[in-house]
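Enquirer: Below is a structure I'd like to ask you about.
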Amino acid sequence: MAQHDERIDAFHRLHESGCFVMPNPWDAGSARALQRLGFPALATTSAGLAWTLGCADNHVTLHEVLAHLRDVVDAVEVPVNADFEGGFALKPDEVARNVALAVATGIAGLSIEDSSQDPDQPLIDIDLAVDRVRAAREEIDRSGTGVLLTARSEGFVVGRPDIAETIRRLRAYAHAGADCLYAPRIDSVADVRAVVEAVAPKPVNLLINAPFMTVAEAAALGVRRISVGGTLAKTAWTAFLAAASQIAESGTFDAFRGLMDVDALMTDGRTEAERSRPSGP
């Protein structure tokens, strides 16, 4: 666990000043590729994982997510933040139990969101949502790991784009012990600035899944952390499906021109732990 402890410490330091990009791989290979590009931390994506399993977002199981977290953590040496959705439970004590399982995978951080998956009432009642964040905080504290807790408010994702309500929730989650606050899908300078100012001095994660803002512009607004959700995975799927569709529809292979040498990218892309293992049977 020593390396994991170092990664947790490094993850906390990244949140102390400046602005960093934490892109979202969808498997061990994409995680290694992003690490080799120099990103200081990575985050899993529930959508990206779901697509590798042949299902839509929010249809993966707790078991599948825990296995995925272990795969990504073991593949790289940088801190990994877990997209832990809603904790795979509704009741606070059950969220805490599942958080303990996630922490044991070696992650440096995890997020808990307040989406209910109920189209008639898409956000969990705020009092219960706060209790869930508090339960996650208490479980992390019991673990003694220092894993960084991010609380997400999903109003802009689930069709409730109310910035005042979003801020009310994020402030409540901050008071309940969240280390970082996150409102995915906010996409205006005014809303980004409002969230950053409302929860200061705690850091804010900004999702950029469309070219509406640069890293420099986000940093100027006080954003501490940027992630891209499933958008890198979607970019890969778009290129893959375009090439496959061309083969299926026209029998041509023009998309195979100018491809990069992926094998070269992955050469010696093993973690330090893997390199130290004895070779052979």
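FYI, it's all coordinate maths here, none of it is from the lab. Please read these numbers as outputs of a predicted model, since none were measured by experiment. Glycine also receives a Cβ, built like all others from the backbone with ideal geometry; neighbour counts cover every protein chain displayed.
Enquirer: In nm, to one decimal, how far is the Arg97 label point from the Thr52 one, both placed 7 Å along Cα→Cβ?
Expert: Result: 2.7 nm between the two label points.
Enquirer: Name the shape class, rounded, prolate or oblate, that the alpha-carbon gyration tensor gives for region 57-98, where a ≥ b ≥ c are the square roots of its eigenvalues, rounded holds for a/c under 1.5, and otherwise prolate holds if a/b is larger than b/c and oblate otherwise.
Expert: The shape class here is prolate.
Enquirer: Please arrange Trp51, Trp26 by counting, for each residue, the other beta carbons lying within 10 Å of its beta carbon, fewest first.
Expert: The fewest-first ordering by Cβ neighbours comes to Trp51, Trp26.
Enquirer: Another question about this same structure. Considering only the other residues whose Cβ falls under 10 Å of the Cβ of Ala108, what net charge follows from Lys and Arg at +1 and Asp and Glu at -1?
Expert: Local net charge: -2.
Enquirer: Around Gly229, with a cut-off of 15 angstrom between Cβ atoms, what is the net charge of the other residues, counting Lys and Arg +1 and Asp and Glu -1?
Expert: The answer is -2.
Enquirer: I'm spelling it out carefully: the read-out is log10 I(q)/I(0) by the Debye sum over Cα atoms at q = 0.08, 0.13, 0.15 Å⁻¹, the candidates are (i) -0.38, -0.94, -1.15; (ii) -0.45, -1.09, -1.29; (iii) -0.34, -0.88, -1.15, and one was derived from this structure. Which label?
Expert: Correct label, based on the coordinates given: (iii).
Enquirer: Here is a follow-up. Sorted from fewest to most neighbouring beta carbons within 10 Å, what does the list Thr52, Thr44, Thr214 look like?
Expert: Thr214, Thr52, Thr44
Enquirer: So the label point goes 7 Å from the Cα of Val189 along Cα→C-beta, right? Which residues of region 223-260 then have their backbone N under 18 Å from it?
Expert: 223-224
Enquirer: Restricting to bridges with both residues inside the chain, how much of the DSSP beta-bridge set is antiparallel, in percent to the nearest 5?
Expert: Around 5 percent antiparallel, to the nearest 5.
Enquirer: A follow-up question, please. Can you tell me what the convex hull of the Cα atoms of region 81-151 projects to on average, as an area in nm²?
Expert: Across all orientations, region 81-151 yields a mean hull projection of 4.1 nm².
Enquirer: So if R0 is 22 Å, what FRET efficiency would Phe212 and Asp162 give, r being the distance between their Cβ atoms, rounded to the nearest 0.05?
Expert: 0.65
Enquirer: Please give the net charge around Glu64, taking every other residue with its beta carbon less than 13 angstrom from that of Glu64, where Lys and Arg add +1 and Asp and Glu add -1.
Expert: -4
Enquirer: For a Förster distance of 35 Å, can you work out the FRET efficiency between the beta-carbons of Arg13 and Leu62, rounded to the nearest 0.05?
Expert: Once the sixth-power term is evaluated, E becomes 0.70.
Enquirer: Oh, and also: For region 1-149, what does the alpha-carbon gyration tensor say about shape, rounded, prolate or oblate, given a ≥ b ≥ c as the root eigenvalues, a/c under 1.5 as rounded, and a/b over b/c as prolate?
Expert: Oblate, because a/c is 1.5 or more while a/b does not exceed b/c.
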